[in-house]
Each structure stands twice: as C-alpha cells, then as structure tokens.
Amino acid sequence: MTQAGKVVYTAKTYTTGGREQGATRSSDGLLDIRLSAPGSARIGTSPEHLFAAAWSASFGSAIALAAQKKKTTLAAPITVNAEVDLNEADDGYFLSTRFNISLPGVKRDVAQALVNEARQMCPYSKATRGNIDVTINLV
C-alpha cells in the first residue's frame, strides 16, 4: 500500500557486503559502522540491533507525541527497551519483537492509552503491522 504525502526526510545509506562482513555508512557520514552476524566475534553490530534502536527511538517519540496531544505531563524520560528476535522456520527467517516500556509517574491506564495511540502513529509500527509479532510490556 502506497500512501501519498509530503517527504519530510530521506535517510540514505550505502552498504557493502552483508551481515557477516559488511559495512554501512550514511550519506552525511554520521553513521559509519561495520556489520556482523549475531554471535560473531567480528567487531560490528547486527541489522537486528539497528532495527531495534530505530524502532524503539521512533516509538518513544510517538509516545511523547501522544502525551502532548492528550496534554499529559511526563515527569521523567520515556524508556523503551526493544528486543528483536531473529527466528528461523522451515520457510526461512523472520523477526519478532518485544518492547518493555517505562513511563515513570504516569498512571498505568493512562500509560496504556499512550502506548496504544503510539502504536497507531509510529511509522515503524505502521510499516511492520501484520508482519511482525509484537509484545508490549509496561514496566
């Protein structure tokens, strides 16, 4: 499904190799990392770490936006700890994710409402909806 809209930002990267011996660099040079497979002795990070970092940052921002829209004050920083699993099945690899979210000082029912709204707004959540099993825990 393609959505029409105004492009706000375009991230550009250049990647050589794959997850075992690869490297990736952003067009602005601010991201410049080596890639490695999970469990590898090679210095570098896995694509799953990058995905977890990007999605959790985006989800945290969506929670903050939901709080702002609902005029809810967040007394402390939002923390979103993401766990992205690389799973293997007969038909190949797939991902699953768990988010452990902390909203200190926010009543549980209010926190749950903010998380529910964030799930609808977060671009990563939209992009993966129906494709990745996601578990969200309020801690």
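Throughout, read-outs are computed from the coordinates displayed, never taken from laboratory work. Not measured: the values here are computed from a predicted model. For neighbour counting, all protein chains shown are included, and Cβ atoms are generated from backbone atoms with ideal geometry for every residue, glycine included.
Around VAL134, what is the net charge, scoring Lys/Arg as +1 and Asp/Glu as -1 over all other residues with Cβ under 13 Å from its Cβ?
+1
Go through segment 1-57 and name the chymotrypsin sites (Phe, Trp or Tyr not before Pro) that are in a DSSP coil and have 11 or fewer other Cβ atoms within 10 Å of their Cβ.
TYR9
For the chain, what is the largest minus smallest coordinate of the Cα atoms on each principal axis, given in angstrom and ordered from greatest to least?
Computed over the chain, the largest-to-smallest principal extents equal 47, 36, 33 Å.
So what does the Cα-only Debye profile of segment 1-45 read at q = 0.15, 0.18, 0.19, 0.33 Å⁻¹, as log10 I(q)/I(0), no solvent term?
-0.51, -0.62, -0.66, -1.13
Please report the net charge: other residues with Cβ closer than 15 Å to the Cβ of ASP109, K and R +1, D and E -1.
Result for the neighbourhood of ASP109: +2.
Pick from GLY60, GLY17, GLY92: which residue has the top mean-square fluctuation in a GNM of the chain where Cα pairs under 10 Å get a spring?
The residue that fluctuates most here is GLY92.
Give me the distance between the Cα centres of segment 117-139 and segment 1-75, rounded to whole Å.
15
Hey, got a sec? Which trypsin sites (Lys or Arg not before Pro) in segment 92-137 land in a DSSP loop and have at most 11 other Cβ atoms within 10 Å?
Those satisfying the criteria are LYS107.
Looking only at the chain, where both bridge partners belong to it, what percent of the DSSP beta bridges are antiparallel (to the nearest 5)?
70
Quick one: net charge around SER40, please, counting Lys, Arg +1 and Asp, Glu -1 for every other residue with C-beta under 10 Å from its C-beta.
With Lys, Arg at +1 and Asp, Glu at -1, the net is +1.
Show log10 I(q)/I(0) for segment 49-112 at q = 0.20, 0.25 Å⁻¹, two decimals, from a solvent-free Debye sum over equal Cα scatterers.
Per q value, in the given order, log10 I(q)/I(0) is -0.79, -1.05.
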